[in-house]
Amino acid sequence: AEVELPDGTAVTGFGLHPALFDAALHAIALGAFVDADRAGPWLPFVWSGVNLHATGASVLRVRLTPAGTDAITLLAVDASGVPVLSVDSLALRPADLTRMSGTDHLFAVDWVDVAPVSVGVGSGEVFEVVVLERVVGGVVDGVRAVVGDVLGRVQSVGGGRLVVVARGMDVVSAAVFGLVRSAQSESPGRFVLVDVGDVAVTDELVAGAVGVGEPELRLWEGVWQARRLVRGVGGVSVRVPAAGTVLVTGGTGALGGLLARHLVVEHGVRSLVLTSRRGLGAAGALGLVGELEGLGAVVRVVACDVGVRAAVAGLVEEIGDLCGVVHAAGVLDDGLVGSLSPERVGRVFGPKVDAGWYLHELTAGRDLDMFVVFSSAAGVVGNVGQGSYAAANGFLDELIRQRNAAGLVGTSLAWGLWDQAGMGAGVDGVPGLSAAEGLALFDVGWAQGGVLVPMRLDLPALRAGGDVPPLFRSLVRGRTRRTAQQGNDAADWSRRLAPMTPEERHETMLRLVRTAAAGVLGYAGPEAVGPAVAFKELGFDSLTAVELRNQLSASTGLRLPATLVFDQPNPAELAEYLIPALLGGAAGPDVDTEIDALEALLDAVDVDSGQRSRITTRLQTLLTRWADQGRAEPAGDGEVTVSDHLEQATDEEIFQFIGREFGIS
C-alpha cells in the first residue's frame, strides 16, 4: 500500500506522524490476514520488534505480510526506498463491541468460589450470631421489625464480631444485608454476612465462614462463595413499550423528569402519569408538563404518597392501559449506623420499600412491558452513612430477583452517582455519570432485566488506593505477594510429568494455570478460577493476559506467546497446551548440568603436565570442531553462528557430541 499525508501537513515534532502510521495500518483490512469468520472490527493487540529507522516521512510505501495466526509483519519505506519503520509482529484481536457501545459502566454482582468444599474449619474466634427468621405475615411491617431488631444488635455489639446469617435470601434478609454492608464500611472487620441456604446453622459452619476472611459469603453446593462486582452483559436490543401509559413515581424530580423526557423523545411514549407528593406544586412540574406536551405526549401529574397502599391501589386502578412502571421515588436520611433509629429507617423505607412492594403486588395481574426500579449502588457497596438507604435498596434488588424468578418482567438499576442534581451513591473512585450515559444505561438495563449496577468506576483510582475492597477484586487487580519460583524449567517439569498418568498431568498443570490466573486477577485462590470458564469472562484483558503469560513462562521455563490466553480460551485448554510442550523437555539430559559436572571433574582431578596438555588439546579441538560445524550450516541469507547452532541443537545432540569427544558413556 502507499499512504500519503495531505499537502501542507507538518511532520516536525513526530518520529512518525500518527495519521500516516494509522493510514498504513488501515491497509490490513485489504488482505486476508485475520479469521474472516470472527466478528470485527480488528484492533492492534500486541506489538513486537517495533523500530523507527528514519523521521520526517510524509509518504510511506508499506509492505504487510502474514506473521502467524491473526498477525502481520510491517515494513514501511519512504518514496526513495529508505526504511522508515519496521514491525516484526503485530497480533490482532477483534474488538468487544459491547464494551464500545456505552455499556462499559454497567456492572452486576457475581459469586466466586473462595474456599474448598470442606466448611468445618473454624478460626477459634468468639463472635455473636444473629440468624434471620422468615417473616410470617405482611412484608412491609415484617421488614421494619427485622431490620429494626438487627439495627439494635449492630449498635450494641461490643469489641467482638457479629455474624448475620440468612437461611436463603428473601426481600427481608436482603434489606438486613444492605444495612449491615454499610456497617461493614463504617467498621471494617466487625461484621460478617452469610447466606447458608437450606443448610442447618451450626457453630462449626459459622466458624468456617468467619475463617474464610470475606465480609460476605454464601454457601453454594457445599462451597463458600464471595460477592464480586463484574461487568454486565450489555449489548441487548432495547424494547419499546406497547401503546399505553407508563407510570413514573418521583416523576417530577431531577432524575424522574430526565427519564420522562427520554421515554417520550427516544421511545415514543405518548401517555405518562408522573407522581410526586406535591403534584403540580412540585418545583418545575408545570414546566416539565408543558415541555412534554409540546413533544406530543399526554401527561398527568398526580399528588400521591406511594408509601400508602390505598393511594397506590387507587392510582393503578385509574390507569386502565398501564403498560409500564418506573419506580424512581425516594428520600434520604443519611447518618452513621450508630445514629440511626427505627423511625429514621422507616422514613426512608416508605417511598422506597413500601411503594416498591405495593407496586409489585397491585400490578401482578397486569401484562406489563416494563417494571423498572431505581435502586442505588449504596445497597450493593454499603456506603458509609447510608445504612437506611442501603437497606431499602437491598430490598428492591431482591424484589426484582423474585419477580424474574416468577416469570415477571423486572429490572433493578442500582445507580451510582449522577452528575445530574438528585440522589446518588457517592463512592471513593466513583465519578458521576453524565445524563447521556445514564439514559443509555437505562435503555440497556431495561432491555436486559435483572439486577444491574450502572455507575462510572475509576478503576486506576481504586487500584492506587492500596488494598482493593473484596467486592471490586474481579475488576481491579490488587497488590499480591508472589512466591519466587526456583528451579522451575522445562526439564524439571518434564521429569515431574513423565511418570504421571494423563489425568494426573492434566490436574497438575490445571492447578498451575488456575493458581497463576488467581494471582494475576487478585482472586483469593485457584478455586475462584473455573477450569472451563473463558479467560475473558474471568476478567482478563490485554495487560493481565500478558502478565499471566509472564507468570507461566517464569514457572515453566517455556517461551510462551503473548497471545497465549486468547489462543487457549480457558484454563483447561491452556493446561492441555502446556503438557506436550513440557514433555518435550525430556528429550535428553540437561547440557548445562553435564558441563557443570565436567567442570567440577577437571577442577578436582590431579594430573601431571603431560596429561593436562593432552586434555587441553582435546578441549580446544572440541571447541574448534563445534565452531566449524556451526559455520558450515547456512540458513537463509547468511551463515549460522556458533551461538545460533547451540540455540538450535537439542540437549541430546550436544550431550552425544561431548560424550563422543570425551569417551563418556
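The values are calculated or read from the model by the stated rules, or taken from the named source; none is laboratory data. As the structure is a computational prediction, the values presented were derived from the model and not from experiment. Please note: Cβ atoms are built from the backbone with ideal geometry, for glycine as well, and neighbour counts cover all protein chains shown. Just the protein is used for accessible areas: all its heavy atoms, side chains included, with ligands, DNA and RNA removed. Shrake-Rupley method; radii C 1.70, N 1.55, O 1.52, S 1.80 Å.
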Report task. Looking at (1) surrounded by 12 or more Cβ atoms within 10 Å (Cβ to Cβ); (2) more than 33 Å from the chain's Cα centre (by Cα), find the lone condition where residue 33 falls short. Result -> (2)
Query raised in the report: Is there any pair with a first residue in the stretch 602-620 that is of a type in the set (Lys, Arg) and a second that is open to solvent by less than 90 Å² (accessible area, probe 1.4 Å) whose Cβ atoms are under 7 Å apart and which are 6 or more apart or on different chains, and what are they?
Result: 618/661
Report summary line: Reported set for the stretch 341-357 where residues are farther than 10 Å from residue 330 by Cβ and surrounded by fewer than 23 Cβ atoms within 10 Å (Cβ to Cβ) is 341, 342, 343, 344, 346, 347, 357
Query - Unmet requirement for residue 14, which otherwise passes all of (1) more than 30 Å from the chain's Cα centre (by Cα); (2) open to solvent by 30 Å² or more (accessible area, probe 1.4 Å); (3) closer than 29 Å to residue 560 by Cα - result: (3)
Report summary line: By residue number, the members of the stretch 367-382 that are touching a helix residue (DSSP H, G or I) at 6+ places or on another chain (Cβ under 8 Å) and open to solvent by 10 Å² or more (accessible area, probe 1.4 Å) are 374, 381
Report summary line: Taking the stretch 41-69 and keeping residues in contact with a Pro (Cβ under 8 Å, 6 or more places away or on another chain) and either exposed (fewer than 13 other Cβ atoms within 10 Å of the Cβ) or under 15 Å from residue 27 (Cα atoms) (or both) leaves 41, 42, 43
Query - Selection count where residues are part of a helix (DSSP H, G or I), touching a strand residue (DSSP E or B) at 6+ places or on another chain (Cβ under 8 Å) and open to solvent by 30 Å² or more (accessible area, probe 1.4 Å), scope the stretch 497-551 - result: 3
Query raised in the report: Would it be correct to say that residue 310 is part of a loop (DSSP other than H, G, I, E, B) and open to solvent by 60 Å² or more (accessible area, probe 1.4 Å)?
Result: no
Report task. Looking at (1) closer than 26 Å to residue 537 by Cβ; (2) at pLDDT below 85, find the lone condition where residue 423 falls short. Result -> (1)
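Determine, yes or no, whether residue 29 is over 24 Å from residue 82 (Cβ atoms) and in a helix (DSSP H, G or I). Give the derivation first.
Details: over 24 Å from residue 82 (Cβ atoms): yes; in a helix (DSSP H, G or I): yes.
So residue 29 passes the test.
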Requested in this report: Any residue in the stretch 319-345 that's more than 30 Å from residue 365 (Cα to Cα): show its pairings with residues that are open to solvent by 30 Å² or more (accessible area, probe 1.4 Å) and not charged (D, E, K, R) at Cβ separation under 6 Å, as long as the two are six or more apart or on different chains.
Outcome: 332/423; 338/155
Query raised in the report: Here are some conditions: (1) surrounded by 19 or more Cβ atoms within 10 Å (Cβ to Cβ); (2) of a type in the set (A, V, I, L, M); (3) part of a helix (DSSP H, G or I). Residue 325 meets all but one. Which one does it not meet?
Result: (3)
Query - Pairs, first closer than 20 Å to residue 531 by Cβ and modelled with pLDDT of 85 or more in the stretch 550-567, second surrounded by fewer than 20 Cβ atoms within 10 Å (Cβ to Cβ) and polar (S, T, N, Q), C-beta under 7 Å, six or more apart - result: 556/488
Report task. Filter the stretch 135-150 for residues that are open to solvent by 30 Å² or more (accessible area, probe 1.4 Å) and touching a Pro at 6+ places or on another chain (Cβ under 8 Å) and give the result. Result -> 144
**Report entry** Failed criterion for residue 486 (all others in (1) at pLDDT 85 or above; (2) over 25 Å from the mean Cα position of the chain (by Cα); (3) open to solvent by 70 Å² or more (accessible area, probe 1.4 Å) hold)
**Finding:** (1)
Query raised in the report: Taking the stretch 52-70, which residues are at pLDDT 90 or above and either part of a strand (DSSP E or B) or within 11 Å of residue 33 (Cβ to Cβ) (or both)?
Result: 52, 59, 60, 61, 62, 63, 64, 65, 66
Query raised in the report: How many residues are in a helix (DSSP H, G or I) and either open to solvent by 10 Å² or more (accessible area, probe 1.4 Å) or aromatic (Phe, Trp, Tyr) (or both) if we restrict to the stretch 383-396?
Result: 2
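When you check residue 189 against the structure, is it more than 21 Å from the chain's Cα centre (by Cα), open to solvent by less than 20 Å² (accessible area, probe 1.4 Å) and not hydroxyl-bearing (Ser, Thr, Tyr), yes or no? Give the steps one after another, and end with the answer.
Values: more than 21 Å from the chain's Cα centre (by Cα): yes; open to solvent by less than 20 Å² (accessible area, probe 1.4 Å): no; not hydroxyl-bearing (Ser, Thr, Tyr): yes.
No.
Residues are listed down the side, and each one gets a yes or a no for (1) of a type outside the set (Asp, Glu); (2) in contact with a strand residue (DSSP E or B) (Cβ under 8 Å, 6 or more places away or on another chain); (3) modelled with pLDDT of 85 or more; (4) in a helix (DSSP H, G or I):
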residue	(1), (2), (3), (4)
439	yes, no, yes, yes
444	yes, yes, yes, yes
453	yes, yes, yes, no
460	yes, no, no, yes
477	yes, no, no, no
Requested in this report: Scan (1) assigned to a strand (DSSP E or B); (2) of a type in the set (A, V, I, L, M, F, W, C); (3) open to solvent by 50 Å² or more (accessible area, probe 1.4 Å) for the single condition residue 19 breaks and write down its number.
Outcome: (1)
